[in-house]
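S.K.: Here it is: the structure, laid out below.
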Amino acid sequence: MNATALGRHAVRADVATIRTRSDSVSDEGQPQQRSAPLLQSPQYTGGRPQPYNASTVNHAPATRACSEDSCSQHSQHSDAQNDMDFGSGGPPPGMMKDRHGPPPPHHPRDGRGPYGPEGYGGEGFVPPPPMHHPMPPQNQGGPPQQGGVMMVYGLDPTTANADRLFNLCCLYGNVVRIKFLKTKEGTAMVQMGDPVSVERCVQNLNNVTVGDYTLTLAFSKQAYLSEVMNPYPLHDKSPSFKDYVSNKNNRFLTPASIHKNRIQPPSKVVHFFNTPPDVSEEQLLAVFTDYGVTSPHTISKFPLKSERSSSGLMEFQNISQSVMAIMACNHATINHPGAKFPFVMKLCFSSSRQIGQGKGQNQNKNHNLKQEESQRQGQNNGIEHDY
């Protein structure tokens, strides 16, 4: 190789060295540009990562998306918009199905349409059967409320039955049902029409002596008496359970009869009414004899106000005899040849404490009769001329 060629080669080597150093200096003075991230920051996407899109970042206007779960303003705006579009009830279930998903199977509904795991309109829901025998409403706080059932203790097991107990309790309210207890002899449960009637019975009949027994009345914890399909027979072969809902001898059936009834405690003077107009004392005494109770020692009839029936007072020796007479003979029938049906004699306790007798007491007797007649005039204890 000649000297000229060697010189050219050396020059080319120097130029290449200079270029290499220049590139190295340029790289050191200006660092390389940082590569773009593969994912955007989660705080701008509502919590879900999205692929990097340079055009969206560089050219689209920056809008901040918020999560429906974390942004209350978005939720309020959405609910308001739904109400404006679809009313207070919101959009139809089908439009919100993709957004909110189906409701759970146990979600409470009002029973107007079936639903199930498939969402609204599914076939997985079966509405519960209706209650045919709802229980009585229970007291929500406060003192316990008293029902219309009472306990009656101290009844004579050889003579007491449902009808005799009805004849006594009907003076203080409507009787619904009566049930004698098989496990407690001489004990019965009486369901009255309302708690007020039970209170009247307890106030007036508790601790009253009837023959050799003393009645004890108390409120019962039961709200009502269930029907007994197969009642056992009592001592007189009558059933131990009876229903008196439709019995016409109840004396508090209408507002007028309720107003006419006068609540009186047991007295030895008894008022009788709805008897035949020409009934005699012998006929009245025969009624008590037929039922096996003591007859009254004095009977006084009121002057007739109508030709359809008669009324008056009768006095017994003591309260025990009068109570036994009402239990046995109240609603007893008396035949009359001029009537199509027998008369149903009705008894109740009188406000008079005695009927005067003897020559020296005629004035007192007449005064008591007029007072009693004025109190009972035109009302007959709620049932007038019922025979």
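The values are calculated or read from the model by the stated rules, or taken from the named source; none is laboratory data. All of these numbers come straight from a predicted model, not from anything done at the bench. Positions of Cβ are generated from backbone atoms using ideal geometry, with glycine treated the same way; all protein chains shown enter the neighbour counts. Accessible surface is based on the protein model in full, side chains and every heavy atom, while ligands, DNA and RNA are left aside. Shrake-Rupley method; radii C 1.70, N 1.55, O 1.52, S 1.80 Å.
S.K.: Considering only residues of the stretch 172-197 that are under 16 Å from R262 (Cα atoms) and open to solvent by less than 50 Å² (accessible area, probe 1.4 Å), which is farthest from the chain's Cα centre (by Cα)? Working first, answer last.
M.R.: First, pick out the residues of the stretch 172-197 that are under 16 Å from R262 (Cα atoms): 172-174, 196-197.
Retained after the next criterion (residues that are open to solvent by less than 50 Å² (accessible area, probe 1.4 Å)): 172-174, 197.
Working: Y172: 24, G173: 21, N174: 20, S197: 19 Å.
Among residues in the stretch 172-197 that are under 16 Å from R262 (Cα atoms) and open to solvent by less than 50 Å² (accessible area, probe 1.4 Å), the one farthest from the chain's Cα centre (by Cα) is Y172.
S.K.: Tally time: how many residues in the stretch 207-223 are crowded, with 16+ Cβ neighbours inside 10 Å and free of Cβ contacts under 8 Å to residues at least 60 places away in the same chain?
M.R.: Of the residues in that region, 1 qualify.
S.K.: Pairs, please: C-beta under 8 Å, at least 6 apart or cross-chain, first residue surrounded by fewer than 20 Cβ atoms within 10 Å (Cβ to Cβ) and in the stretch 268-291, second hydroxyl-bearing (S, T, Y)?
M.R.: Hits for this filter: P277/S306; P277/S309; P277/S310; D278/S310; L285/S295; T289/S295.
S.K.: How many residues does the stretch 299-330 hold that are outside any strand (DSSP E or B) and open to solvent by 30 Å² or more (accessible area, probe 1.4 Å)?
M.R.: Selection size over the stretch 299-330: 11.
S.K.: Select from the stretch 205-232 the residues that are acidic (D, E) and closer than 26 Å to Q321 by Cα and list them in ascending order.
M.R.: If we filter the stretch 205-232 for residues that are acidic (D, E), which is where we start, we get 212, 227.
Passing the criteria: only D212.
S.K.: Given the conditions (1) part of a loop (DSSP other than H, G, I, E, B); (2) touching a residue at least 12 places away in the same chain (Cβ under 8 Å); (3) in the same structural domain as Y153 (by the TED database), and given that S226 satisfies all but one, which numbered condition is not satisfied?
M.R.: (2)
S.K.: Evaluate the stretch 236-252: report whether one residue or more is among the aliphatic types (A, V, I, L, M) and either over 21 Å from F180 (Cα atoms) or surrounded by 17 or more Cβ atoms within 10 Å (Cβ to Cβ) (or both). Give the steps one after another, and end with the answer.
M.R.: Going through the stretch 236-252, the residues among the aliphatic types (A, V, I, L, M) turn out to be 245.
The next check asks that each one be either over 21 Å from F180 (Cα atoms) or surrounded by 17 or more Cβ atoms within 10 Å (Cβ to Cβ) (or both); those that pass are none.
Scanning the stretch 236-252 turns up no residue that is among the aliphatic types (A, V, I, L, M) and either over 21 Å from F180 (Cα atoms) or surrounded by 17 or more Cβ atoms within 10 Å (Cβ to Cβ) (or both).
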